1. Only one residue in 94, 66, 86 is modelled with pLDDT under 95 and surrounded by 17 or more Cβ atoms within 10 Å (Cβ to Cβ). Which one?
2. If we keep just the residues of region 31-82 that are of a type in the set (Gly, Ala, Ser) and free of Cβ contacts under 8 Å to residues at least 12 places away in the same chain, which is nearest to residue 9 (Cα to Cα)?
3. What pairs can you find where one residue is in region 155-181 and at pLDDT 95 or above, the other is hydroxyl-bearing (Ser, Thr, Tyr), and their Cβ atoms are less than 6 Å apart, with a gap of 6+ or different chains?
4. I need the full set of residues from region 1-25 which are in contact with a strand residue (DSSP E or B) (Cβ under 7 Å, 6 or more places away or on another chain) and either without any contact (Cβ under 8 Å) to a residue 40 or more places away in the chain or among the aromatic types (Phe, Trp, Tyr) (or both), in order please.
5. Restricting to region 148-177, give me the number of residues that are surrounded by fewer than 17 Cβ atoms within 10 Å (Cβ to Cβ) and part of a helix (DSSP H, G or I).
6. So residue 28 clears everything in (1) within 19 Å of residue 135 (Cβ to Cβ); (2) out of contact with any Leu (no Cβ under 7 Å at 6 or more places or on another chain); (3) without any contact (Cβ under 8 Å) to a residue 60 or more places away in the chain except one condition, right? Which one?
7. List the number of the failed condition for residue 3; all other conditions in (1) touching a Phe, Trp or Tyr at 6+ places or on another chain (Cβ under 6 Å); (2) modelled with pLDDT under 95 hold.
8. Would you call residue 137 β-branched (Val, Ile, Thr), at pLDDT 95 or above and closer than 26 Å to residue 82 by Cβ?
Amino acid sequence: MPERRRVTLAITGASGAQYGMRLLECLLRADVEVSLMISQAAQLVMATETDWQLPPKPQALQAFLAEHFAVPEGQLRVYGKQDWMAPPASGSGAPSAMVVCPCSTGTLSAIACGASNNLIERAADVALKERRQLILVPRESPYSQIHLENMLKLSRLGALILPASPGFYHQPRSIADLVDFVVARILDQLGIEQQLLARWGE
């Protein structure tokens, strides 16, 4: 039996929590093992932008999401910001890919300078140093020169910058369609089969 794919997903405090939660749903449905981190700022944004009311503690949050998405025990692990013993904190234990979706410009800056002040920043630092896939999904407008320089620096270090900028050539009919456009692009980059959006020309 093939080993289950493992992905680290971090949801930070930029607007667009819907992208992160939809991506989580799609990863779990694709039988991916997810190591999840949700920042405190992301929880505040989520409460403002969505109907999600998430438990603040990692253990309670893990139980809540596992029940909501009906996933088996062990497929979803939720970690707190200071959980330094979590697999994503070490090159010897981290999954092969990490996505920060959405990625706040504060998180972008911290990753660019290697701050590693919390588990999200440390996990991204590990992905960079181990030359593993790191996908950052910023959602900001307009971008300042600081933001752009940080993105350029991270791109040169091997990270993929995938802004939450949905297209319209698929003729979206709802906000969900716009969210799915971005999530489909992320899944394509991860090499995970998706039926959310037909590829160009199909």
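1. Working: 66 fails: modelled with pLDDT under 95; 86 fails: modelled with pLDDT under 95.
Exactly one residue qualifies, and that residue is 94.
2. 66
3. Partner pairs satisfying both residue conditions: 161/155; 164/19; 179/19.
4. Once the filter is applied, which keeps residues that are in contact with a strand residue (DSSP E or B) (Cβ under 7 Å, 6 or more places away or on another chain) and either without any contact (Cβ under 8 Å) to a residue 40 or more places away in the chain or among the aromatic types (Phe, Trp, Tyr) (or both), region 1-25 yields only 19.
5. Total meeting the criteria: 9.
6. (2)
7. Evaluating residue 3 over (1) touching a Phe, Trp or Tyr at 6+ places or on another chain (Cβ under 6 Å); (2) modelled with pLDDT under 95 leaves (1) as the failure.
8. yes
The values are calculated or read from the model by the stated rules, or taken from the named source; none is laboratory data. No experiment lies behind these values; they were computed from the predicted model shown. As a convention, Cβ positions derive from the backbone with ideal geometry for all residues, glycine included, and neighbour counts pool all protein chains shown.
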